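Here is the structure we will look at, set down as structure tokens.
Read-outs: derived from the displayed coordinates by stated rules, not from any lab. Bear in mind that the values here come from a model prediction, so they are computed numbers and not experimental data. Positions of Cβ are generated from backbone atoms using ideal geometry, with glycine treated the same way; all protein chains shown enter the neighbour counts.
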Amino acid sequence: MSDSAILNAQDTDVGSRTVDILVPVEQEGTQATVRTWLKQSGDAVLKDEPVVELETDKVVVEVPAPCDGILEIVLAENCEAEPGAILGHVVTGQVAPQTTAAKKPEATPAQPQTVHAPQDELPEHEMRLSPAVRRLIAEFNLDPTALTGTGRNGRLTRADVVAAIDEGPAPTVARDESPARVPASPQPGPRADGSGPNAPRIARQVPHSSMRRRIAEHMTHSVTTAPHVTAVFEADFGAIIAHRNNHKAAFAGKGVNLTFTAYFVMASIAAMEVAPEVNSRWYDDYLELYDDINIGVGAALGDKGLIVPVIHRSQTLSLLGIASRLQEMTEAARNGTLKPADVQGGTFTISNHGVSGSLLATPVIINQPQSAILGIGALEKRVVVKEIDGVDSFQARPRAYVSLTIDHRVIDGSQTNAWLKRFVEVIENWPLEG
């Protein structure tokens, strides 16, 4: 049986039983949302066949059928899904009553049976639309038959509708203008917001994705829970640039891309030795310090949001091992193939915000329930004063700002500065070989 589904069998009719499909319990405190049902109520499903997608602020998870049988949907799309909640059932053995309706001739198709989302009488082309898709189509007066679906069997998904809205005017449905049929849905345009006739015109309304809502909740929770304080140092990257230039061909020969982030992970591990509280978690009655250093690295997903895959037990890995793991995680994040375990158990996070040109970001929001987060600014050449043989000279050096944002309940200024000082020392004194 798959770890993603827990069985709770109940006897129904003679020769049949009902098996629950449950939300995975290993959600690490994050709520999930039912993103897409890949099958409809009344459909036959096979054991381990994906039947529903769950989305959190971190990852999209496919939940498979726990056994062969007939699917009964309990929790509709776009609904909150607490860990352990029942998503649906699989009826095994005898043919369930709803399968009779599901197998009627195509001339009289049956409506999907979705609990918590009863369907009104709908045109035939809307029979397989989820509640969230129908709401968007109604709100923006769109013609679903003119939109291209990317879901299973060409099904129209919420993302398809949002993409159509973003692209601009789309074919609309001609509506009966009688008072009984006109929907009371606001259209983009002037809206009263306290500024009277000078209210700004609305270009369009973009519905929040489940991931964006979860990120918002997580960030708000972090800043309201932990007092954030940020310290900023500056680091010279000359040593790691030289080392990388000297070794990237050898790494590439092993199929591994050697990035600067691998050096940041190694330097963070070294810095934990002088301030172990940075690798800890706050509880009301005690502080929990960890032996394992599980470092999460933020990976941007464009306008979809941010995900933080974790390098578990990074203190046991070499530079090659860390670079290899980073490559695997980055590819999985961009391909949407990360597993729940890949984003769980982090004890510290690195935000390499400089890749998009940012020199300094403050505060970088702590990834709760962790105690600190490292920010790396953009690398650029800066003029610095160096003393050579007692004489000051000006040199152009590759430098970047590095910041450590800490939970001030856990860490004080002296520990913060000690951690950053050690981090910078490791970066600036990286040996050319080794």
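If you project the alpha carbons of the stretch 226-428 onto their three principal axes, what span does each projection cover, largest first, in Å?
The Cα atoms of the stretch 226-428 stretch 54, 43, 34 Å along their principal axes.
Go ahead and collect, in residue order, the members of the stretch 361-385 whose backbone nitrogen is under 16 Å from a label point 7 Å along the Cα-Cβ direction of Glu217.
Label zone hits: 368-369.
For Asp68, what residues show an amide H to amide H distance below 5 Å, using hydrogens built from the backbone and excluding near sequence neighbours?
Lys47
Report ³J(HN,Hα) in whole Hz for each residue of the stretch 236-243, in order, from the Karplus equation J = 6.51 cos²θ - 1.76 cosθ + 1.60 where θ = phi - 60°; Gly and Pro get x.
Going residue by residue, I get 8, 9, x, 5, 6, 5, 5, 5 Hz, with x marking Gly and Pro.
Taking the Cα centre of the stretch 226-428 as the origin and placing charges on Cβ (Lys, Arg +1; Asp, Glu -1), which of Val278, Ala323, Pro363 is farthest toward the positive end of the dipole?
Checked the options; the winner is Ala323.
Can you give the local net charge around Val410? Use residues other than it whose beta-carbon is closer than 14 angstrom to its beta-carbon, Lys and Arg +1, Asp and Glu -1. Walk me through the numbers before you get to the answer.
Values: positive: Arg281, Arg409; negative: Glu277, Asp284, Asp285, Glu288, Asp407, Asp412.
Net of charged neighbours comes to -4.
Separation between the Leu320 and Ala159 pseudo-spin-labels, each 7 Å from Cα along Cα→Cβ, expressed in nm?
If labels sit at Leu320 and Ala159, their model points lie 3.7 nm apart.
By per-residue mean of other Cβ atoms within 10 Å, what is the highest-first order of 389-402, 237-250? All intermediate terms of the calculation are to be shown ahead of the outcome.
Details: 389-402: 12.5, 237-250: 15.3.
Top to bottom by mean Cβ count within 10 Å: 237-250, 389-402.
For Val52, list long-range residues whose amide hydrogen, built 1.01 Å from N in the peptide plane, is under 5 Å from its own amide hydrogen.
Distant-sequence amide H within range of Val52: Leu38, Val63.
In the neighborhood of Tyr286, defined by Cβ-to-Cβ distances under 14 Å, what is the net charge if each Lys or Arg adds +1 and each Asp or Glu adds -1? Please report the intermediate quantities before stating the final value.
On the way: positive: Arg281, Arg409; negative: Glu277, Asp284, Asp285, Glu288.
Around Tyr286, the charge tally is -2.
Just list whichever of Lys248/Lys386; Lys39/Lys339; Lys254/Lys381; Lys386/Lys421 have alpha carbons separated by over 23 Å in the model shown. Please report the intermediate quantities before stating the final value.
On the way: Lys248/Lys386 29 Å; Lys39/Lys339 21 Å; Lys254/Lys381 31 Å; Lys386/Lys421 19 Å.
The pairs that break the limit, which is 23 Å between Cα atoms, are Lys248/Lys386; Lys254/Lys381.
So the label point goes 7 Å from the Cα of Asn417 along Cα→C-beta, right? Which residues of the stretch 210-250 then have their backbone N under 13 Å from it?
231-233
Would you please give the FRET efficiency between His408 and Asn429, computed as 1/(1 + (r/R0)^6) with r the Cβ-Cβ distance and R0 = 25 Å, to the nearest 0.05?
On the way: r = 30 Å, r/R0 = 1.19.
Between His408 and Asn429 the formula returns 0.25.
Taking a label point 7 Å from the Cα of Tyr290 along the Cα→Cβ vector, which residues of the stretch 309-351 have an amide N closer than 15 Å to it?
309-317, 341-351
Using the basic label-point model (7 angstrom from Cα toward the beta carbon), what is the Ile86 to Leu301 distance in nanometres?
Between Ile86 and Leu301, the simple spin-label model gives 3.0 nm.
May I ask you to evaluate 6.51 cos²θ - 1.76 cosθ + 1.60, the Karplus curve with θ = phi - 60°, for each residue of the stretch 214-220 and list the ³J(HN,Hα) values in order in whole Hz, giving x for glycine and proline?
Once rounded to whole Hz, the list reads 5, 4, 4, 5, 5, 5, 4.
With r as the distance between the Cβ atoms of Asn198 and Asn245 and R0 = 51 Å, compute the FRET efficiency 1/(1 + (r/R0)^6) and round to 0.05. Walk me through the numbers before you get to the answer.
On the way: r = 57 Å, r/R0 = 1.12.
Approximately 0.35, to the nearest 0.05.
So what's the gap between the Cα centers of the stretch 196-236 and the stretch 360-434, to the nearest angstrom?
Their Cα centres are 25 Å away from one another.
Between Arg334 and Asp68, how high is the FRET efficiency from 1/(1 + (r/R0)^6) when r is the Cβ-Cβ distance and R₀ = 45 Å? Nearest 0.05.
On the way: r = 34 Å, r/R0 = 0.76.
Efficiency for this residue pair is about 0.85.
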